Amino acid sequence: MDKSNTSNRAKGLSRRGLISASLTVLAAAVVMSSGLAVAKPATSEVNTTGLAVTDDTVTVGILHSISGTMAISEEGSVQAEILAIEQINEMGGILGRQIRYIQEDGASDWPTFADRARKLIRQDKVAAVFGCWTSASRKAVLPIFERYNNMLYYPTFYEGLEQSPNVVYTGQEATQQILAGLDWVAREKDAKTFYLLGSDYIWPRTSNKIARIHIEEHLGGRVLGEDYFPLGHTNFNSAINRIRLRNPDVVYAIIVGGSNVAFYRQLQSAGLDMTSEDFTLMTISVTEDEVLGIGGDNFQGAFSAMKYFQSLDNPNNKAFVKAFKERWGEDSVIGDVTQAAYLGPWLWKAAVEAAGSFDIDRVREHTPGIELDTAPEGYVRVHENHHLWSKLRIGEAQADGQFKVIYETEDLMEPNPFPAGYQ
Amino acid sequence: MPFNSFRDFMSRQDVLAFAVLAVLLIVILPLTLDVMRLNQAGKFLAFGFVAIGLVLCWGYGGILSLGQGVFYGLGGYAMAMFLKLEASTPENTSIQSTPGIPDFMDWNRITELPWFWVPFESFTLSLIAIVVVPSIFAYLIGVAMFKRRVSGVYFAIITQSIAAIMTILIIGQQGFTGGVNGITDLRTLLGWDINTDFADYVLYFVCVALLFVCLFIGQFILKSKVGRVLVAMRGSEDRVRFSGYDVANFKIFVFCTGAAFAGIGGAMFTLQEGFMSPSFVGVVPSIEMVIFCAVGGRLSLVGAVYGALLVNLAKTTFGEAFPELWLFAMGLIFIGVVLGLPNGVAGLYNSYAAGPVDKVLDRLFGSENSDGLKLSQQGATS
C-alpha cells in the first residue's frame, strides 16, 4: 500500500540480512529456534506499553453496531474494515505481524459503546480501534480513548467542532462537505434562494448553521426556511407544502436514516420532480447505502455532495470495488462512509510503519502527514488536526441507485473542524 | 421503635441473605475482578437501586411502573449536570463562542446558562436534587393517578407514556439537555478525577454502601405497618379502603420511595460511567428494569440486586461473545424465567434451598419457631 514505507523496510531487511549472513550458523540457528523470523523487529521494541502484540500477531478492535437501528448503516463499515485487515494480512501484516481483530457490538446504544470501548482497551489491550458511526457514540467513547490513551479511527462525515489527539477522522468534517457543494450549486444552478431541512440532532443542526452563514454571507443568497424533524419522523407533507409555497431554488436536505425513505417518496408524490430543471435538491446525507432504502426511482436527479461515490472512475477504486464485491457479495453497495472506514486500517498501518512501533504515542506522533496513494477516493493525506485532506465531489443520482460524478474540486480541501466565521 | 425485637425487623433468613450479599459485593467481587470488571459490576448495581424500588412498588404495592427509567434519568441527569458545569470552566471551553457554558449549549447557539441549570452549580443542591426531584415528580404523578384510583394496567401504560414523553423532551431540547448525545465528557467531582482506577474502586464501594442503605430502608418499610398495609392493598384494595386507610397515600409513598432509589441509582451510574444519555430514560430501559426485578424475584429485596447483576452480566457476556446472537439469547433467558421461575431467582431459593438452610440454622443456633409464632400472632392482632 504505502510504497515508501515498504521500500524503507526492505532496505532495513537487507542490511539485517547481510549482518546475519556474516554470523555463524550457530547464531543463525539460535535466532531461528527462538521463533523470531529475522525480518521482524522484536516485540519488546515495537510494544513498550503492554498492548496486545505478540511475536506473530497484533490485536485491534472493531466497534460498530451490528444490532439495533444503526446496524444497517454500520454494516458497510464493518465489512470495509475487515476487508482492509484481511488485505493487509495477505500482504504480510504490519511489522511482520498478522492483524487479529476482536469485534464488539455497540448495539446502537451509546452507553454500550462506552462499555465495549473500555473492554477493548483495558481488557483486550488492543493496539487501535476502528469504529463508531454516530456522533453520539463517538462522544460516548471519546473520554475513554483519551483517558486510557488509545487510537480510534472514526469513519463518518460529521459536524466537526472536535479534534482529539486520540481520534483519526477519516470522513469529512462539515465545512469540507458543505462549502464547495454550495458554491457549485450557486454557480451551476444559479441558485439564490435555499430551504434548509434536517433531522433534529447535532450534525444536521451544525451543518445547516454553517450552510446558512455561507449562503448569506458568501454567496449573497437567502434562506427561505429551516425545518427540523425528530429522528425517525415519517410525515413530511407540511414541510413539503411550505417548500412548494416558498419555491426555493435549492432544497438543502440533511435528513438521516429511515426518515429519508418517507421524505423522498412524499416529495415525489407531491410532484416535486428532482430530474427537472426547475427543482434542485442537494443533500449531504444520502449515500449509495441510503438509496437502497429510498429506491433509485424516488431519488433520481438529486445531488449528493461528499468525497466518495462507488462509481468513481480510477484504478484504486476499481480494485477496491472488485475486492469488496468478491468478499461481501455482488449485491453489496459501497457508500462514502464505507470507503472512509476502509481507509482506517491502512492509515493505521502506514502510521505504525512510519513509527516502527505499535506504541500509541509513537503512532500518534507519526499520524499527521501520513499519505495514501492507493485510497479508493484517490490521494489522501492526514492533517495536523487528524482529519483528512480530501476532495469534494457532486454525484447526480441515477435510477439504478448509483451516482454519476459530475463535479469534483480541483484541489484537496483542508479540513477545518473549528471554522472561523462559521460558528 | 416500631419493632418489638430485631427478629421482627429481620428474620434469620433475611440476615443470612443480607450477609451473603455483603460478602459477595464487599469481599468476593473486589478480590476476583479486575478494576474494569468491577467498574462494570458497579454500574450493574446502579440498576439494582431501581430494582429494589420496584420490589417495593410492584412486588409489595402491586403498582407496576413501566417508567422507572424516568426517575433513574432524573437522578442521573442531576449528577451529570453538576459534573458538566464543573467540567465547563471558561478555561476548558475557551474555543467556544460563549466560554463557560457546556459545549452542547454553545453548538445550539445558546449564549446563557438556562435558569434550571443554575442550581446545579452547587454540589449540595445537586445531591438534594438527585433524591428530591425524582420524588417530587413521582409525587405529582402519584397524586394525579392514585387519588383518581387509576391503577393496574392503566397506570403501567401511563408511566410508559411518561417515559416516552421524557425521552422525546430530552432529545428535542438538545440545547438544554445535550439531546441524543446525552451529557458527555464528565471528568472531575469537586476537583477529584472520576476516571482513574482508584476512583473506580472508591465509587464502587460508595455504590455498594448506598445500596445497603436502600436495602435497609426497604426492609424497614416492608416490616413496618406500611409494609403490611401494602401487602393488604395488593390483596384487596377495597377492603383496606373500607377499613379506613387512605390507600392512595400509601401508594404515593411507596412510589416516591422507589423513585428516590432510582434517582440515587442514576446518579451512581453517571459517576461510574462518566456520562448520561437519554437511552436510559425511555420505554425499553424502563421495561428492562422491570425485568431485572422479575428475574431476581419481585418479592425479594436482595433478589432484586441479584437480578440486576445477573441480567446485566448475561447481557454483557452474550454481547461480547456472540454479538450477532445476543438479542436472541436475552429473549430466551427472559422467556425461560417467566415460564419456569415466576418468582425469579429468589423464588428458586425459597422453594429448594430455604428449607435445608433453615435446618442447618436450627442445628447451629436453635429453633426460630417461637419467634415465628410471635410474629404470626402479632400479624393477627394488628
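The values are calculated or read from the model by the stated rules, or taken from the named source; none is laboratory data. As the structure is a prediction and not an experimental result, all values here were calculated from the model. Virtual Cβ from ideal backbone geometry, glycine too; neighbours counted across all protein chains shown.
From the list B:F104, B:F123, B:F137, B:F116, the lone residue that is under 30 Å from B:V284 (Cα atoms), out of contact with any helix residue (DSSP H, G or I) (no Cβ under 6 Å at 6 or more places or on another chain), of a type in the set (F, W, Y) and loosely packed, with under 15 Cβ neighbours inside 10 Å is B:F116.
Taking B:V150 as meeting all but one of (1) within 25 Å of B:G258 (Cα to Cα); (2) part of a helix (DSSP H, G or I); (3) of a type outside the set (D, E, K, R), write down the number of the exception. Among (1) within 25 Å of B:G258 (Cα to Cα); (2) part of a helix (DSSP H, G or I); (3) of a type outside the set (D, E, K, R), B:V150 violates only (2).
For every residue, the table says whether it meets (1) within 14 Å of chain A (Cβ to nearest Cβ); (2) not in a helix (DSSP H, G or I).
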site	(1), (2)
B:S65	no, yes
B:G73	yes, no
B:G76	yes, no
B:M81	no, no
B:K84	yes, no
B:P90	no, yes
B:S94	yes, yes
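The set of residues from segment A:87-134 being hydroxyl-bearing (S, T, Y) and more than 24 Å from A:S73 (Cα to Cα) is empty.
Yes/no matrix, rows are residues, columns are (1) assigned to a helix (DSSP H, G or I); (2) in the same structural domain as A:R242 (by TED's automatic domain parsing):
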| residue | (1), (2) |
| --- | --- |
| A:Q87 | yes, no |
| A:I99 | no, no |
| A:I102 | no, no |
| A:W133 | no, no |
| A:K139 | yes, no |
| A:N150 | no, no |
| A:L182 | yes, yes |
| A:F194 | no, yes |
| A:L197 | no, yes |
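Taking the criterion of being in a loop (DSSP other than H, G, I, E, B), under 30 Å from B:G227 (Cα atoms) and of a type outside the set (S, T, N, Q), the residues of segment B:1-37 that qualify are B:M1, B:P2, B:F3, B:M10. Within segment A:352-393, the set of residues being charged (D, E, K, R), surrounded by 23 or more Cβ atoms within 10 Å (Cβ to Cβ) and not in a loop (DSSP other than H, G, I, E, B) comprises just one member, A:R393.
Close contacts from segment A:205-231, counting a first residue that is more than 16 Å from A:S285 (Cα to Cα) and a second that is acidic (D, E) and surrounded by fewer than 18 Cβ atoms within 10 Å (Cβ to Cβ), with Cβ to Cβ under 8 Å and a gap of 6+ residues or different chains, come to A:R212/A:E226; A:L219/A:D183; A:R222/A:E216; A:V223/A:E216. Of the candidates A:E371, A:E365, the single residue that is without any contact (Cβ under 8 Å) to a residue 40 or more places away in the chain, acidic (D, E) and in contact with a helix residue (DSSP H, G or I) (Cβ under 9 Å, 6 or more places away or on another chain) is A:E365.
One residue stands out in segment A:60-85 among those that are part of a loop (DSSP other than H, G, I, E, B) and more than 10 Å from chain B (Cβ to nearest Cβ): the one that is surrounded by the fewest Cβ atoms within 10 Å (Cβ to Cβ), namely A:T69. Here segment A:136-153 is the region considered, the condition is being more than 12 Å from A:A117 (Cβ to Cβ) and buried (at least 23 other Cβ atoms within 10 Å of the Cβ), and the residue that is farthest from the other protein chains (Cβ to nearest Cβ) is A:Y153.
Output yes when any residue across segment A:88-99 is more than 10 Å from chain B (Cβ to nearest Cβ), buried (at least 20 other Cβ atoms within 10 Å of the Cβ) and within 18 Å of the chain's Cα centre (by Cα), and no when none is.
No.
Residues that are β-branched (V, I, T), at pLDDT below 95 and in contact with a Pro (Cβ under 7 Å, 6 or more places away or on another chain): does segment B:88-106 have at least one? Yes, segment B:88-106 has at least one match. Screening B:R37 on (1) away from chain A (no Cβ under 12 Å); (2) surrounded by fewer than 21 Cβ atoms within 10 Å (Cβ to Cβ) shows it passes everything except condition (1). Checking each residue in segment A:89-144 for being among the acidic types (D, E) and touching a Lys or Arg at 6+ places or on another chain (Cβ under 6 Å) picks out only A:E104. Of the listed requirements (1) crowded, with 20+ Cβ neighbours inside 10 Å; (2) within 14 Å of chain A (Cβ to nearest Cβ), B:G175 misses just one: (1). In this structure, A:Q123 does not satisfy being in the same structural domain as A:V337 (by TED's automatic domain parsing), at pLDDT 95 or above and on the phi < 0 side of the Ramachandran plot.
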